[in-house]
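Participant: Handing you this structure, nothing more for now.
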Amino acid sequence: MSLFDAGLEQALATSGPLAARLRPRTLDELVGQRHLLGAGSPLRRLVEGGGTTSVLLWGPPGSGKTTLAHIISGSGGRRFRELSAVTAGVKDVRAVIDQARDTLAVSGVRTVLFIDEVHRFTRTQQDALLPAVENGLVTLVAATTENPFFSVVAPLLSRSLLLTLEPLTEDDLRVLVQRALDDRRGYGGLLTMDTDAVTHLLRLAGGDAR
């Protein structure tokens, strides 16, 4: 992690949106998605072994896709870069790949490229990722709420580990609410919520942790 990234993490611990401040930093802090977290699971091997396998995360909003991208990038001290498929084009993708190549050559640090809503990329934009994914120049972590078998090109899909995330349960969300109230990155015990208020909040959340 660079000094800039360390400073940013420290700043987010005391400011910024609550969801960003409370974002889990390890798999053990992650709430929900138990089917992905077992000992020896592909995800745990990828994070704990620092592998370069690209990952496609398919799941509903607020289920932890961006959080998992950050956790994967944190393993092995890799550099994290993020693009939104809503606003990025081929030029932006190639710029990140060029930066990843330079960083690897100069410092030996690999890059994790997180692309949110990858289903919004055209075929041409997705194809632009293939060479860098094939040769391991970047570890791609792509998130989608759409069925990837219809929205992601076959060559990219075949080169990625597909992980399906489930909606968070009310019990999962209850854990997160309590964490927000108690954790120093949240409200640090300064606030409390009665049972009815928590139940109402969970109903409104609809499985979305944000």
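Participant: If each of Leu181 and Asp92 carries a label point 7 Å out from its Cα toward its Cβ, how far apart are those two points in nm?
Facilitator: 3.9
Participant: Separate question: Please calculate how many Å² of accessible area the range 94-210 carries per residue, with a 1.4 Å probe and no DNA, RNA or ligand atoms counted.
Facilitator: Dividing the accessible area of the range 94-210 by its residue count gives 55 Å².
Participant: Using Cα-Cα distances under 8 Å and only pairs 6 or more residues apart, what relative contact order does the range 139-210 have, in percent?
Facilitator: Rounded, it is 28 percent for the range 139-210.
Participant: What are the extents of the Cα atoms of the range 98-210 along their three principal axes, listed from largest to smallest and rounded to whole Å?
Facilitator: 53, 37, 19
Participant: Further question on the same structure: Taking N as the number of residues in the chain, what value does Rg over Cα atoms divided by 2.2 N^0.38 Å take?
Facilitator: With N residues counted in the chain, Rg over 2.2 N^0.38 Å equals 1.06.
Participant: How large a share of the accessible area of the chain, in percent, is made up of carbon and sulfur atoms when the probe is 1.4 Å and the other protein chains stay in place?
Facilitator: Summing carbon and sulfur atoms, their accessible area is 54 percent of the total for the chain.
Participant: Then there is this: Can you give the net charge of the other residues whose Cβ lies under 13 Å from the Cβ of Leu37, counting K and R as +1 and D and E as -1?
Facilitator: Counting the neighbours of Leu37, the net charge comes to -2.
Participant: Find the relative contact order for the range 75-210 and round it to a whole percent, using C-alpha pairs within less than 8 Å whose residues are 6+ positions apart.
Facilitator: Relative contact order comes out at 20 percent.
Participant: For the range 15-102, what does the equivalent ellipsoid look like in terms of its semi-axes, each the square root of 5 times an eigenvalue of the Cα gyration tensor, given largest first in whole Å?
Facilitator: They are 23, 18, 13 Å, listed from largest to smallest.
Participant: A further question on this structure: Nearest 20 debye, what's the magnitude of the dipole of the range 64-161 about its Cα centre given +1 on Lys and Arg Cβ and -1 on Asp and Glu Cβ?
Facilitator: 160
Participant: Per-residue ellipticity at 222 nm for the chain, helices alone: DSSP H runs ≥ 4 residues times -39500 (n - 2.57), over residue total, nearest 500 deg cm²/dmol?
Facilitator: -12500 deg cm²/dmol
Participant: Semi-axes, largest first, in whole Å: what does sqrt of 5 times each Cα gyration tensor eigenvalue give for the range 152-210?
Facilitator: Sorted largest first and rounded, they come to 34, 14, 8 Å.
Participant: What is the sum of charges, Lys and Arg at +1 and Asp and Glu at -1, for the other residues whose Cβ falls under 14 Å from the Cβ of Thr164?
Facilitator: 0
Participant: Of the options Ala197, Thr164, Val47, report the single residue whose Cα projects farthest towards the positive end of the charge dipole of the chain (beta-carbon charges: Lys, Arg +1; Asp, Glu -1).
Facilitator: Sorting the options by dipole projection puts first Val47.
Participant: With Kirkwood's inverse mean 1/r over C-alpha pairs for Rh, give me the Rg to Rh ratio of the range 91-155, two decimals please.
Facilitator: That ratio is 0.99, to two decimals.
Participant: Tell me the net charge near Asp98. Cut-off is 12 Å between Cβ atoms, Asp98 excluded, with +1 for each Lys or Arg and -1 for each Asp or Glu.
Facilitator: Spelling it out: positives minus negatives among the neighbours equals +2.
The values are calculated or read from the model by the stated rules, or taken from the named source; none is laboratory data. Remember, it's a predicted structure, so these values are computed and weren't measured experimentally. Cβ atoms come from the backbone with ideal geometry, glycine included; neighbour counts cover every protein chain shown. Heads up: the accessible areas ignore ligands, DNA and RNA and are worked out on the full protein's heavy atoms, side chains in. Shrake-Rupley method; radii C 1.70, N 1.55, O 1.52, S 1.80 Å.
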